[in-house]
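J.: I'd like to ask you about the structure that follows.
The values are calculated or read from the model by the stated rules, or taken from the named source; none is laboratory data. Just so we're clear, the structure is a prediction, and the values are computed from it rather than from any experiment. Here the Cβ is made from the backbone with ideal geometry for all residues, glycine too, and neighbour counts use every protein chain on show. For the accessible areas, the whole protein counts, side chains as well, though only heavy atoms, and no ligand, DNA or RNA atoms are used. Shrake-Rupley method; radii C 1.70, N 1.55, O 1.52, S 1.80 Å.
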Amino acid sequence: MNKLDFVSDDIPNEVQKYNSEIKQLEVGKSGKVGILEIELKQGNNKTTITKQFSQVPLQIQRAIYPEESLPGMAYLYIISPSGGILQGDRYKIDVTLKNNATSHITTQGATRIYSMNSNFASQITNITVDDNCYLEYIPDQIIPYQNSRYYQKVNLNVHDNATMIYSEVLAPGRMAMNEYFDYDICYLRTYCKNQENQFRCLENMKIEPKNQNLTSSGVLGKYKIVGTVYILTKKECISELENMINDNLEKLEEVSIGTSILPNESGVIVKILGNSTEDIFATIYNTLKITRKKILGARFSKIRKN
């Protein structure tokens with residue numbers, strides 16, 4: 001397996017400078033290629049996995065159907081037996097929804113980016129949501145350990161007549177160990193287009209704690225955790241949906257929240273700053289609850305992870 005096939009061709013220079021040669025190593029060592037490919041379709045009012053391929057350290061659990069209000073919605077959990085991402089690791093995830101599929105995808109736990117003394121780690125995620133499909137992609141938080149280097153690119157290909165809710169949460173490090181902003185770089189890039197390859201939105205978030213003053217006004221200020229929710233849906237829903245989110249979330253005191261309509265009225269972005277992952281995810285779940293009710297007319301129940 002050629003690792004170059006799993007590295008984006010537009011890795012920014014700030015990350016590329018760490019790209020020293022790392023060979024594929026044996027089990028338990030760093031420098032792995034993880035692959036996960038999933039296709040979901042609806043049939044008989046139930047969304048099922050119709051195609052699946054995985055290569056450790058990426059795996060997917062079987063679909064479950066826990067929602068009473070949406071009995072046909074498939075819930076999937078992405079898991080990794082390695083427990084985290086190591087230096088030189090290259091992950092690639094492909095998710096496709098077709099034929100009116102509805103799904104909620106999350107991770108088994110936080111994405112831990114382990115300490116590194118050479119190279120960097122990357123994860124490229126390609127998500128395609130076809131006509132009249134609905135996807136909630138809500139992974140747990142990213143936790144960059146001391147001296148880690150991480151590049152993530154998420155390509156969202158969402159049909160104008162479909163809906164996708166995608167979130168990401170970046171923690172400052174292992175807060176329980178009093179480790180805050182000790183990593184080298186975390187570069188998160190999100191790019192979205194529609195079924196005709198027309199641009200919908202692009203965002204780059206680069207944090208280099210050793211070269212930036214993150215406590216300054218206009219960066220993170222008094223907060224340590226940043227969350228983002230992208231809601232990509234039909235144009236006729238956008239304005240009302242943003243108003244509903246603002247009306248519901250403006251009273252929260254634990255977090256600072258801002259919303260904006262994406263270019264060409266293609267969706268809504270919600271930015272969340274806070275000091276507790278619980279508070280951040282409470283806001284994300286609340287946003288998801290509002291959106292699901294608006295788009296599908298159904299309730300959302302927070303999923304327990306044990």
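J.: GNM, the chain, Cα, under 10 Å: largest mean-square fluctuation among Tyr114, Tyr180, Tyr134?
T.: Tyr180
J.: Can you give the accessible area of Glu278 in Å² (nearest 10), computed on protein heavy atoms with a 1.4 Å probe?
T.: Roughly 130 Å² of Glu278 is accessible to a 1.4 Å probe.
J.: So for the stretch 234-306, if I pair up every lysine 8 or more residues apart or on another chain, how many of those pairs have alpha-carbons under 25 Å apart?
T.: So the count works out to 24.
J.: Could you please tell me the mean projected area of the C-alpha convex hull for the chain, averaged over all directions and given in square nanometres to one decimal?
T.: Mean projected area of the Cα convex hull: 15.6 nm².
J.: If you don't mind, there's one more thing I want to ask. At a temperature of 4 °C and a viscosity of 1.567 mPa s, determine how fast the stretch 225-292 diffuses translationally according to Stokes-Einstein, using the Kirkwood radius over alpha-carbon pairs as Rh; express D in µm²/s, rounded to the nearest whole number.
T.: 108 µm²/s
J.: By how many nm would the segment from Asn204 to Ser301 lengthen if fully extended, with 0.36 nm per residue of separation less the alpha-carbon distance?
T.: Here the answer is 31.8 nm.
J.: Here is a further query. Between Asn147 and Ile79, 0.36 nm times their residue separation minus their Cα-Cα distance comes to what?
T.: Using 0.36 nm per residue and subtracting the Cα-Cα distance, I get 22.1 nm.
J.: How large is the accessible surface per residue of the stretch 73-130, computed with a 1.4 Å probe and reported in Å² as a whole number?
T.: 27 Å²
J.: Give me the 1.4 Å probe accessible area per residue for the stretch 154-195, excluding ligands and nucleic acids, in Å².
T.: Heavy-atom accessible area per residue stands at 30 Å².
J.: At a threshold of 8 angstrom on Cα-Cα distance, excluding pairs fewer than six apart, so keeping six or more, what relative contact order does the chain reach in percent?
T.: Dividing the mean separation by the residue count of the chain yields 12 percent.
J.: Using only Cα atoms, figure out Rg for the stretch 52-159 and give it as a multiple of 2.2 N^0.38 Å.
T.: That works out to 1.16 for the stretch 52-159.
J.: Would you tell me the accessible area of Ser216, worked out with a 1.4 angstrom probe on the heavy atoms of the protein chains, in Å² to the nearest 10?
T.: Result for Ser216: roughly 40 Å² accessible.
J.: Of the listed peptides 93-99, 236-242, what is their order by residue-averaged count of other C-beta atoms within 10 Å, with the highest listed first?
T.: In decreasing order of mean packing, 93-99, 236-242 become 93-99, 236-242.
J.: A follow-up question, please. Positive end of the dipole of the chain, charges at C-beta (+1 Lys, Arg; -1 Asp, Glu), about the Cα centre: which of His159, Gly84, Thr283 has its Cα farthest in that direction?
T.: Gly84
J.: Tell me, what HN-Hα J-couplings in whole Hz come from the Karplus equation 6.51 cos²θ - 1.76 cosθ + 1.60 at θ = phi - 60° for each residue of the stretch 44-56, using x for Gly and Pro?
T.: 6, 6, 9, 7, 10, 7, 9, 9, 7, 8, 9, 10, 3
J.: To continue, here is another question. For the chain, set up a Gaussian network in which alpha carbons nearer than 10 Å are linked by springs, and say which option among Gln61, Gln152, Gln141 fluctuates the most.
T.: Gln61
J.: Convex hull volume of the Cα atoms in the stretch 109-169, per residue, in Å³?
T.: Dividing the Cα hull volume of the stretch 109-169 by its residues yields 68 Å³.
J.: Compute the length gained on full extension between Glu196 and Thr215: take 0.36 nm times their separation in residues and subtract their Cα-Cα distance, giving the result in nm to one decimal.
T.: So the chain would gain 2.8 nm between Glu196 and Thr215.
J.: To continue, here is another question. Within the accessible area of the stretch 98-213, what % is carbon and sulfur when the probe is 1.4 Å and the other protein chains stay in place?
T.: In the stretch 98-213, the share of accessible area belonging to carbon and sulfur is 37 percent.
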